[in-house]
Amino acid sequence: MKKSIFLILIVLGFGLIYWFRIRTVGNGTLPVITYHGISDENPTNSEYVISNAKFEETIKALKEANFTFLTIYDLDKLVSGEMKLPKNPIFITFDDGYRNNYENAYPILKKYGAKASLFMVGSQLERPDFLTRPQIIEMAESGVFAFGSHTYSLDGTFLDGANKGKTFLSSKLEGETDAEFYAKIKNDLVWNNDVVYNMSSTFPNAIAYPGAMVNEIAKKAVVDAGLKYGFVGANKFATKLSKLDPDNPETLLEIHRFHVSPSTNVKNLVRFLQSNN
């Protein structure tokens with residue numbers, strides 16, 4: 001009995017060591033990491049706000065480890081086979097469009113020759129703490145940032161009822177039909193596409209689903225609105241490029257991302273993200 005318990009503990013120990021110290025995203029994958037706010041001010045200790053120093057530490061470590069920084073604008077070439085995956089690709093993404101992405105993240109990315117993709121909530125732009133039009137134009141013209149969609153105004157969540165905690169993109173209002181739900185989402189996304197285009201001079205090709213929540217009706221609306229790629233979050237495995245079929249739009253709509261929090265260990269993160277293609 002004691003021997004069996006000892007063997008189980010050894011197996012568990014090796015399993016934990018592999019999972020947290022050895023495992024990587026694997027060959028042929030698209031490693032994507034997600035940020036929201038970059039700021040030294042975090043009075044609520046939000047897991048979605050990373051300090052300037054922590055962010056710079058990560059970008060510097062990725063640069064020194066010879067990662068190639070890619071954006072959502074590279075996806076078409078990668079999926080079609082026109083562009084081959086570099087040895088260690090990395091997609092850095094931001095959600096929402098906070099002003100500190102311009103004030104804090106943008107200078108750090110420029111410093112290390114890095115690139116990133118930002119998924120904008122159109123209705124929030126120009127509001128306090130969110131990006132302004134001149135800032136977005138500068139970020140776009142610099143070539144440092146690519147811009148995608150995070151919906152125009154469907155990023156909020158239900159505060160009560162059967163859908164409490166779910167997003168307006170992923171769940172219907174009470175009494176709303178499937179047709180009404182589809183039309184609402186498509187119209188929202190088309191409107192946000194125009195906002196992104198008018199701000200960045202580039203039509204968005206991708207969406208990051210708010211709260212990483214999506215359903216089949218929303219996916220259809222995404223495709224019909226002209227968006228090709230969809231990103232989800234909170235995943236433990238990176239998406240393999242070979243799984244993305246340009247002739248099958250459904251395969252392009254759930255690309256995995258990894259959330260970076262203030263407690264994320266940079267050294268382990270960089271090790272994990274190495275795909276060594």
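Observations on the model:
- Of all residues making up segment 137-154, the number that are closer than 19 Å to ASP188 by Cβ and either among the basic types (Lys, Arg) or touching a residue at least 60 places away in the same chain (Cβ under 8 Å) (or both): 3
- Just one residue in the set LEU70, LEU85, LEU62 is open to solvent by less than 20 Å² (accessible area, probe 1.4 Å) and in contact (Cβ under 8 Å) with a residue 60 or more places away in the chain; that residue is LEU62.
- Residue that is least open to solvent (accessible area, probe 1.4 Å) [pool: residues in segment 128-139 that are out of contact with any Asp or Glu (no Cβ under 7 Å at 6 or more places or on another chain) and assigned to a loop (DSSP other than H, G, I, E, B)]: LEU131
- Condition met for LEU118 (assigned to a strand (DSSP E or B), modelled with pLDDT of 95 or more and of a type outside the set (Phe, Trp, Tyr)): yes
- Of all residues making up segment 235-244, the number that are open to solvent by less than 20 Å² (accessible area, probe 1.4 Å) and either outside any loop (DSSP other than H, G, I, E, B) or not hydrophobic (A, V, I, L, M, F, W, C) (or both): 1
- Of all the listed residues (ALA183, ALA208, ALA179, ALA218), the sole one being of a type in the set (Gly, Ala, Ser), farther than 17 Å from ILE72 by Cβ and open to solvent by less than 10 Å² (accessible area, probe 1.4 Å) is ALA218.
- When residues of segment 248-277 are limited to those that are charged (D, E, K, R) and touching a strand residue (DSSP E or B) at 6+ places or on another chain (Cβ under 8 Å), the one surrounded by the fewest Cβ atoms within 10 Å (Cβ to Cβ): GLU254
- For segment 155-164, filtered to residues that are without any contact (Cβ under 8 Å) to a residue 12 or more places away in the chain, surrounded by fewer than 16 Cβ atoms within 10 Å (Cβ to Cβ) and not aliphatic (A, V, I, L, M), the residue that is farthest from ASN192 (Cα to Cα) is ASP160.
- Residues that are part of a loop (DSSP other than H, G, I, E, B) and either more than 21 Å from HIS150 (Cα to Cα) or touching a His at 6+ places or on another chain (Cβ under 8 Å) (or both) within segment 245-277 comprise ASP245, PRO246, ASP247, ASN248, PRO262, SER263, THR264, ASN265, GLN274, SER275, ASN276, ASN277, listed in sequence order.
- Any hit, segment 111-127, residues being open to solvent by 30 Å² or more (accessible area, probe 1.4 Å) and closer than 17 Å to THR34 by Cα: yes
- Of all residues making up segment 186-200, the number that are farther than 8 Å from ALA225 by Cβ, in contact (Cβ under 8 Å) with a residue 24 or more places away in the chain and either surrounded by fewer than 21 Cβ atoms within 10 Å (Cβ to Cβ) or of a type outside the set (D, E, K, R) (or both): 6
- Test: residue in segment 224-234 that is in contact with a helix residue (DSSP H, G or I) (Cβ under 7 Å, 6 or more places away or on another chain), part of a helix (DSSP H, G or I) and of a type in the set (A, V, I, L, M): no
The values are calculated or read from the model by the stated rules, or taken from the named source; none is laboratory data. What you see is a predicted model, and the numbers here were worked out from it, not measured in a lab. For neighbour counting, all protein chains shown are included, and Cβ atoms are generated from backbone atoms with ideal geometry for every residue, glycine included. Remember, those area values only see protein heavy atoms, side chains included, never the ligands or the DNA or RNA. Shrake-Rupley method; radii C 1.70, N 1.55, O 1.52, S 1.80 Å.
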